[in-house]
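Visitor: The structure follows.
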Amino acid sequence: MAQIAFIGLGNMGSGMAANLIKAGQDVRAFDLNAEAVAQLVSKGARAADSVAQAAQGADAVVTMLPAGPHVHSVYDGPDGVLAHAPAGAVLMDCSTIDVDSARKAAALAKDKGFAFVDAPVSGGVAAAEAGTLTFMVGGPSDAFAKAEPYLDMMGKAVIRAGEAGAGQAAKICNNMLLAIHMIGTCEAINMAQRLGLETQDFFNIASKASGQCWSLTSYCPAPGPVPAAPSNRGYKPGFAAPMMLKDLKLAMEAARTAGASTPLGAHAAEIYQRFVDSDGEGLDFSAVIQMIAADSEAGKA
Ligand code: NAD
């Protein structure tokens, strides 16, 4: 049994940490939210009062935090993971953060002799709970080898993308593509409906034709065809629209740095910004179909 510090027990982290407990690991849990810690303790974790206390004596440290500044506030400084984890511990940051922050964390960890990987995930809250996440991992191959057994306990696929930051790069490229095909799926369904097609008929055809994509067949944004999709429960997230907007902003920042042309990614970011600023803040990202339908009603192109 390994001792694992788990820091960040929100929507995703709580399910992931619970799977480490189910796999028989000794989890020491910390979050700024004491209620989140208490809930995990009821599932078999031990509570830590601070990042430092969680990290002390840990064989592995997992962080699942909102964004780059949170990760650095947990890793850096006299009270952070890097100051308190024992030599030989493997450090895994599973948050989705900007590539530069991930590379900076990797460099600081390397200076102190730690094995560190960035290991963001694909799959939402349901996959975190079911232990079926996909991990996209950046870091040296020896760090990957140390991290893989722990990530396996929380996921269905653990894939090395390359050196430090490569996991984050893969994640934001994937999510930019997801945003683009979700918006495309919403436009196509809305147009099919306005042309008089039944949603289910269009779904049956497009899911067997060249328009087939994950947004349609696994996450259909219109209620009906895919029972497990958020569209069938009032668009309760799921993957919240502001999270998608965050990822698109990271993607646009990375595109600028890399000199990559992303006209559809930029347009998707504008569409999600407008959606979040209007009614979308508390909704799943697939609810953007409602804005597209409202624009159609209002006669907007
Ligand atoms: P969340 O806001 O629900 O959870 C984040 C947790 O971190 C909160 O409980 C918060 O209290 C805690 N936290 C923040 N700062 C802290 C600190 N300094 N010390 C200790 N705890 C601290 O977010 P989430 O939905 O769990 O997402 C976490 C990460 O996973 C994000 O980077 C997100 O982009 C990514 N992600 C989310 C989803 C999803 O569907 N929700 C899917 C894939 C990836």
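Every number here is computed from the coordinates shown, using simple stated rules; none is lab data. Note that the coordinates shown come from a computational prediction; the quantities given were computed from them, not determined experimentally. Backbone-built Cβ (ideal geometry, glycine too); neighbour counts: all protein chains shown.
Visitor: For the chain: lysine pairs with Cα atoms under 15 Å, gap of 8 or more or different chains, count? All intermediate terms of the calculation are to be shown ahead of the outcome.
Guide: Working: LYS22/LYS43; LYS104/LYS112; LYS110/LYS146; LYS171/LYS246; LYS171/LYS249.
Final tally of qualifying lysine pairs is 5.
Visitor: Ratio of alpha-carbon Rg to the 2.2 N^0.38 Å globular estimate for the chain, to two decimals, please. Walk me through the numbers on the way to the answer.
Guide: Working: Rg = 20.3 Å, N = 301, 2.2 N^0.38 = 19.2 Å.
Ratio of Cα Rg to 2.2 N^0.38 Å: 1.05.
Visitor: Next up: Quick check on region 3-163: of the DSSP beta bridges with both residues there, what percent are antiparallel, nearest 5%? Don't skip to the answer; put the middle values down first.
Guide: On the way: 3 of 28 bridges.
Taking every DSSP beta bridge within region 3-163, about 10 percent pair in antiparallel fashion.
Visitor: In the chain, with Lys and Arg counted as +1 and Asp and Glu as -1 at Cβ, which of these residues, LEU195, SER73, TRP214, has the Cα nearest the positive end of the dipole, that is, farthest along it?
Guide: It is TRP214.
Visitor: Turning to a different aspect of this structure: Nearest 20 debye, what's the magnitude of the dipole of the chain about its Cα centre given +1 on Lys and Arg Cβ and -1 on Asp and Glu Cβ?
Guide: On the way: 21 positive and 29 negative charges, 80 e Å.
Taking the Cα centre of the chain as origin, the dipole is about 380 debye.
Visitor: Sorted by average packing, counted as other Cβ atoms within 10 angstrom per residue and highest first, what order do 234-241, 5-12 take? Mind dumping the intermediate values first?
Guide: Details: 234-241: 19.4, 5-12: 24.5.
In decreasing order of mean packing, 234-241, 5-12 become 5-12, 234-241.
Visitor: What is the order of LEU108, LEU91, LEU20, fewest Cβ neighbours within 10 Å to most?
Guide: Ascending Cβ contact count within 10 Å gives the list LEU108, LEU20, LEU91.
Visitor: Express as a percent, rounded to the nearest 5, the fraction of DSSP beta bridges in the chain (both residues included) that run antiparallel. Mind showing how you got there, number by number?
Guide: Numbers: 4 of 29 bridges.
Within the chain, antiparallel bridges account for around 15 percent of the total.
Visitor: Calculate how steeply helix 241-258 sits against the longest principal axis of the alpha-carbon atoms of the chain, using the helix alpha-carbon long axis, and give the answer as 0 to 90 degrees to the nearest 10.
Guide: 80 degrees
Visitor: Based on DSSP H runs of at least 4 residues, each adding -39500 (n - 2.57), what is the mean residue ellipticity at 222 nm of the chain after dividing by all its residues, to the nearest 500 deg cm²/dmol? Intermediate results must be reported in sequence, preceding the final value.
Guide: Numbers: 14 runs with 150 residues, N = 301.
The helix-only estimate for the chain comes to -15000 deg cm²/dmol at 222 nm.
Visitor: In region 131-238, what trypsin sites (Lys or Arg not before Pro) fall in a loop by DSSP, with at most 14 other Cβ atoms inside 10 Å? All intermediate terms of the calculation are to be shown ahead of the outcome.
Guide: Values: sites: LYS146, LYS156, ARG160, LYS171, ARG194, LYS208, ARG233; in loops: LYS208.
Sparse-neighbourhood loop trypsin sites (Lys or Arg not before Pro): LYS208.
Visitor: Magnitude of the Cβ-charge dipole of region 1-108, K/R +1 and D/E -1, about the Cα centre, nearest 20 debye? Show your work: numbers first, answer last.
Guide: Values: 6 positive and 10 negative charges, 55 e Å.
The calculation lands at about 260 debye.
Visitor: Also, I was wondering about something else. How high is the FRET efficiency from THR257 to ASP201, r the C-beta distance, R0 51 Å, rounded to 0.05? Each step should come with its number before you reach the end.
Guide: Details: r = 44 Å, r/R0 = 0.87.
It comes to 0.70.
Visitor: Can you pull out the GluC sites (Glu not before Pro) in region 183-256 whose DSSP state is coil and whose Cβ has at most 16 other Cβ atoms within 10 Å?
Guide: Numbers: sites: GLU187, GLU198, GLU253; in loops: GLU198.
For GluC sites (Glu not before Pro) across region 183-256 that sit outside H, G, I, E and B with at most 16 neighbouring Cβ atoms in 10 Å, the list reads GLU198.
Visitor: Summarise the long-distance tail of P(r) for region 3-163 by giving the % of C-alpha pairs beyond 24 Å. List each step's numbers first, then the result.
Guide: Working: 2825 of 12880 pairs.
Across region 3-163, Cα pairs with separations above 24 Å total 22 percent.
Visitor: Quick one: helix 263-275 against the long Cα principal axis of the chain, what's the angle to the nearest 10°, folded into 0 to 90?
Guide: Long axis of 263-275 versus the principal axis of the chain: about 90 degrees.
Visitor: For helix 99-111, what angle does its Cα long axis make with the longest principal axis of the chain, in degrees from 0 to 90 and rounded to 10?
Guide: Its long axis makes an angle of about 10 degrees.
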